[in-house]
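For reference, the structure discussed in these notes is given below.
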Amino acid sequence: MNLQQIIIFSMEIVGTVAFAASGAMVGIEKSMDIFGVCVLGVVTAVGGGMTRDIVLGIHPPGVFEKPAYVLVAVVTSCLVFVGMYFRQMRMDGDFGKIYDRAMLAMDSVGLGIFTAVGVNTGIMNDHPHELFLLVFVGTVTGVGGGLLRDMMAGNPPYIFVRHVYACASILGAFLCAVLYPWLGAAWAMFLSAAAVVVMRYLAAHYHWNLPRIGLGEKA
């Protein structure tokens with residue numbers, strides 16, 4: 001592999017670890033056993049990529065040809081489970097705050113990296129000038145795993161309720177697609193992923209959310 005391929009592969013591994021950890025933490029919060037925790041970790045890590053590959057007509061989806069990502073997700077989920085198992089702490093108080101911060105960090109990093117990876121995959125599959133398609137597959141790659149995770153865990157999908165989550169992915173995908181011809185794959189992916197992470201943290205810090213109608217909320 002050349003340097004650019006090494007950088008992209010490294011980003012994919014970091015994103016896989018981040019999303020697998022977030023999925024595992026949700027599974028633990030839902031009192032799932034270690035198998036359920038691993039399933040949720042794997043789905044979160046590779047679900048968006050599988051959906052992207054189906055949209056792009058990649059058959060079979062890349063995860064089945066490169067099982068290393070599933071292995072990384074399983075190992076990450078097991079490590080998170082073992083660490084939490086021996087601590088046996090409640091999801092409230094100070095630990096609840098640590099949990100929320102860890103989820104924000106893992107979700108933000110995974111979202112940024114996989115959004116950029118989705119755009120890069122679209123370009124590498126002969127769609128370099130189709131901006132709408134690139135933004136779409138980038139966003140699907142970024143949010144798809146988390147959406148499947150929340151549906152399987154019985155939670156309201158994170159992308160619909162928390163801190164402009166999907167909007168950050170859309171912005172990152174657009175930025176990656178626009179910068180790609182000028183800066184190349186590695187820099188475009190790195191800068192767009194960083195932009196997504198920064199936007200997520202700003203949204204969390206300043207409590208940015210899209211407008212909603214609270215018809216179901218009590219006065």
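The values are calculated or read from the model by the stated rules, or taken from the named source; none is laboratory data. Since this is a predicted model, take the numbers as computed values, not measurements. When we count neighbours, we look across all protein chains shown, and the Cβ atoms used for this are built from the backbone with ideal geometry, even at glycine.
At a glance:
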| item | result |
| --- | --- |
| Pairs with Cβ under 6 Å, 6+ apart, first in segment 21-34 and farther than 16 Å from residue 105 by Cβ, second modelled with pLDDT of 95 or more and part of a loop (DSSP other than H, G, I, E, B) | none |
| Candidates 64, 81, filtered to the one that is modelled with pLDDT under 95 and more than 21 Å from residue 147 (Cβ to Cβ) | 81 |
| Set 145, 154: member being surrounded by fewer than 16 Cβ atoms within 10 Å (Cβ to Cβ) and closer than 21 Å to residue 46 by Cβ | 154 |
| Meets criteria (of a type outside the set (Ser, Thr, Tyr), closer than 14 Å to residue 49 by Cα and touching a helix residue (DSSP H, G or I) at 6+ places or on another chain (Cβ under 9 Å)) for residue 120 | yes |
| Top-ranked residue in segment 166-218 [being within 19 Å of the chain's Cα centre (by Cα), of a type in the set (Gly, Ala, Ser) and farther than 16 Å from residue 119 by Cβ; ranked as surrounded by the fewest Cβ atoms within 10 Å (Cβ to Cβ)] | 204 |
| First in segment 79-91 and in a loop (DSSP other than H, G, I, E, B), second anywhere and modelled with pLDDT under 90, Cβ under 7 Å, 6 or more apart | 89/95; 91/29; 91/99 |
| Given (1) more than 20 Å from residue 172 (Cα to Cα); (2) at pLDDT below 90; (3) assigned to a helix (DSSP H, G or I), number of the condition residue 104 does not satisfy | (1) |
| Conditions (1) at pLDDT 90 or above; (2) basic (Lys, Arg); (3) over 15 Å from residue 142 (Cβ atoms): number failed by residue 200 | (3) |
| Residues that are aromatic (Phe, Trp, Tyr) and closer than 17 Å to residue 122 by Cα, drawn from segment 150-181 | 174, 180 |
| Residue check for residue 119: in contact (Cβ under 8 Å) with a residue 60 or more places away in the chain, surrounded by 15 or more Cβ atoms within 10 Å (Cβ to Cβ), farther than 26 Å from residue 35 by Cβ and of a type outside the set (Gly, Ala, Ser) | yes |
